[in-house]
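Down below is the structure, laid out as structure tokens.
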Amino acid sequence: MKRRLGLLALGLVLPLAMTACGSSDDSADSSGAAAEGGGSSEISYWLWDSNQQPAYQKCADAFQAANPGLTVKSEQYGWTDYWTKLTTGFVSGTAPDVFTDHLQKYPEFAKQGQLVALDDLIKQDNVDLTQYATGLADVWKGNDGKQYGLPKDFDTIGIFYNKDMAAAAGVTQEQLDTMEWNPTDGGSYEETIAKLTVDANGVHGDQPGFDKTNVKTYGLGLAGSGGALGQTEYSTYTGSNGWTATDELWATKYNFDDPKFQETIAWWRSLIDKGYMPTLEKTVGAGTTQQFGAGNYAMVTEGSWNTGAFTSINGINTGIAPTPIGPVGHRASMYNGLADSIWAGSDNQANAWKWVKFLGSADCQNIIGDAAVVFPAIPAATDKAVAAFKAKNIDVTPFTDQVKDGNTFLPPVTEKAAEVGAIMTPAMDAVMGSGADVSTLTEANDQVNALFQ
């Protein structure tokens with residue numbers, strides 16, 4: 001029997017059919033208490049995804065209606081600016097009361113004392129952590145055993161593809177649904193990528209005369225080198241080749257020196273050499289959504305959170321396919337779950353908790369599910385999201401099946417994530433962009449592991 005990956009190995013498989021437990025009635029306190037504990041009636045809240053902001057504004061409206069006298073001021077910043085402003089805010093005392101947090105970020109924030117441990121508040125208000133899909137609350141428990149966030153959603157990886165390009169190349173949905181890959185010849189997945197690649201003369205990547213130096217449409221897009229995480233870039237391949245970045249949560253050793261990782265990256269890099277995937281240099285200045293919309297990419301591996309962005313591109317008939325089956329015998333997807341955290345420097349923590357509790361409740365997560373933007377952490381709300389996408393004629397089962405089938409694995413949750421990234425990003429850039437041998441990743445891994453000694 002083949003060993004499952006990540007969450008399954010950790011006992012954290014996420015059954016979508018799981019029934020939500022507990023009532024969300026206690027998430028709304030009609031007493032108002034605008035200045036409870038000396039705090040402000042205005043709760044500041046930050047998030048980074050502009051696609052989700054309208055839905056969370058609906059949550060804010062519902063919260064405010066249930067809590068007269070309290071208001072939520074939401075601010076949205078792009079990914080890079082978000083974390084820069086947040087860390088600057090910690091130092092300057094201007095960080096928000098509540099913010100959307102990430103598994104790669106919170107360990108350092110907790111270690112620095114920037115996050116409020118929620119355990120006493122959870123116990124005080126009888127918040128039932130079992131209402132969330134199995135494992136979602138557990139990963140927000142730090143290595144000190146304290147809870148630093150309430151789950152809000154989860155995401156997986158799939159393939160967005162141009163239906164018209166696939167049809168023109170003779171690639172069927174059935175073929176896309178059954179693709180397999182291996183690090184030796186790429187399997188039927190690489191064959192499909194080659195078919196979907198077209199040079200400036202209209203010659204496909206699997207045809208004689210293909211000019212890899214003059215490509216019009218790449219069969220597979222590239223977002224970047226992936227650095228230490230590779231969530232939307234390489235993780236589905238390394239995961240389905242039996243590799244994990246670390247052997248456990250809160251590990252002090254990374255595995256970038258593992259032959260399984262390096263052979264996978266060598267194959268992935270070969271797609272650039274063959275002209276099937278753009279060079280790293282060509283990814284600068286335009287994201288995968290823009291490149292896909294411009295017809296430069298026929299397929300991209302991307303996160304479920306971008307479903308709305310890809311399926312709403314004018315003039316593009318977008319389909320969703322599952323990631324390919326790898327050498328381990330099944331697909332694999334990184335599974336990331338966000339949460340909302342309270343800043344320890346906030347002087348409005350009592351009201352901030354009211355908002356966090358509401359964000360983590362069925363009342364808010366059902367609103368998010370109906371908005372069809374992401375998959376909420378409460379399974380019944382996820383069902384609403386699936387139905388809402390279906391009503392828009394969007395089949396999101398390639399994303400949800402990863403969870404249902406137990407083929408998900410966690411990103412590395414460790415301390416020193418920023419330092420790890422500072423080492424691995426240039427190392428991966430060198431391999432993917434400058435042609436450095438994958439064996440150089442062993443030296444980078446040694447540097448990473450030295451951080452923990």
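Confirm whether Tyr77 is closer than 19 Å to Leu47 by Cβ, in contact (Cβ under 8 Å) with a residue 12 or more places away in the chain, assigned by TED's automatic domain parsing to the domain that holds Trp343 and in contact with a helix residue (DSSP H, G or I) (Cβ under 9 Å, 6 or more places away or on another chain).
It is true that Tyr77 is closer than 19 Å to Leu47 by Cβ, in contact (Cβ under 8 Å) with a residue 12 or more places away in the chain, assigned by TED's automatic domain parsing to the domain that holds Trp343 and in contact with a helix residue (DSSP H, G or I) (Cβ under 9 Å, 6 or more places away or on another chain).
Any idea which residue in the range 413-435 is surrounded by the fewest Cβ atoms within 10 Å (Cβ to Cβ), counting only those that are part of a helix (DSSP H, G or I) and out of contact with any helix residue (DSSP H, G or I) (no Cβ under 7 Å at 6 or more places or on another chain)?
Ser434
Please name all residue pairs, on different chains or six or more residues apart, with Cβ atoms under 9 Å, provided the first residue is in the range 170-184 and is closer than 24 Å to Thr238 by Cβ and the second residue is of a type in the set (Lys, Arg) and in a helix (DSSP H, G or I).
Pro183/Lys260
Would you pick out the residues in the range 72-108 that are more than 15 Å from Gln349 (Cα to Cα) and among the acidic types (Asp, Glu)?
Glu75, Asp81, Asp101, Glu108
Please go through the range 23-48 and give me each residue that is modelled with pLDDT of 95 or more and either within 27 Å of the chain's Cα centre (by Cα) or within 16 Å of Pro376 (Cβ to Cβ) (or both), ordered by number.
Across the range 23-48, the qualifying residues are Ile43, Ser44, Tyr45, Trp46, Leu47, Trp48.
For residues that are of a type in the set (Val, Ile, Thr) and either over 25 Å from the mean Cα position of the chain (by Cα) or farther than 13 Å from Ala194 by Cα (or both), tally how many sit in the range 262-278.
Residues in the range 262-278 being of a type in the set (Val, Ile, Thr) and either over 25 Å from the mean Cα position of the chain (by Cα) or farther than 13 Å from Ala194 by Cα (or both): 2 in total.
Of the residues in the range 130-178, how many are surrounded by fewer than 22 Cβ atoms within 10 Å (Cβ to Cβ) and assigned to a loop (DSSP other than H, G, I, E, B)?
Residues in the range 130-178 being surrounded by fewer than 22 Cβ atoms within 10 Å (Cβ to Cβ) and assigned to a loop (DSSP other than H, G, I, E, B): 11 in total.
Inspect all residues belonging to the range 172-181 and state whether any of them is touching a Phe, Trp or Tyr at 6+ places or on another chain (Cβ under 6 Å) and over 30 Å from Val328 (Cβ atoms).
Among the residues of the range 172-181, not one is touching a Phe, Trp or Tyr at 6+ places or on another chain (Cβ under 6 Å) and over 30 Å from Val328 (Cβ atoms), which makes the answer no.
Consider Ala387 carefully, then state whether it is under 15 Å from Asp257 (Cα atoms) and of a type outside the set (Ser, Thr, Tyr).
No; evaluated as a whole, the condition is false for this residue.
Condition first: closer than 18 Å to Glu190 by Cβ and assigned to a loop (DSSP other than H, G, I, E, B). Now tell me which residues in the range 268-290 satisfy that.
Lys274, Gly275, Tyr276, Met277, Pro278, Thr279
The values are calculated or read from the model by the stated rules, or taken from the named source; none is laboratory data. Please read all numbers here as calculations on a predicted model, not as lab measurements. Cβ: placed from backbone, ideal geometry, glycine included. Neighbour counts: every protein chain shown.
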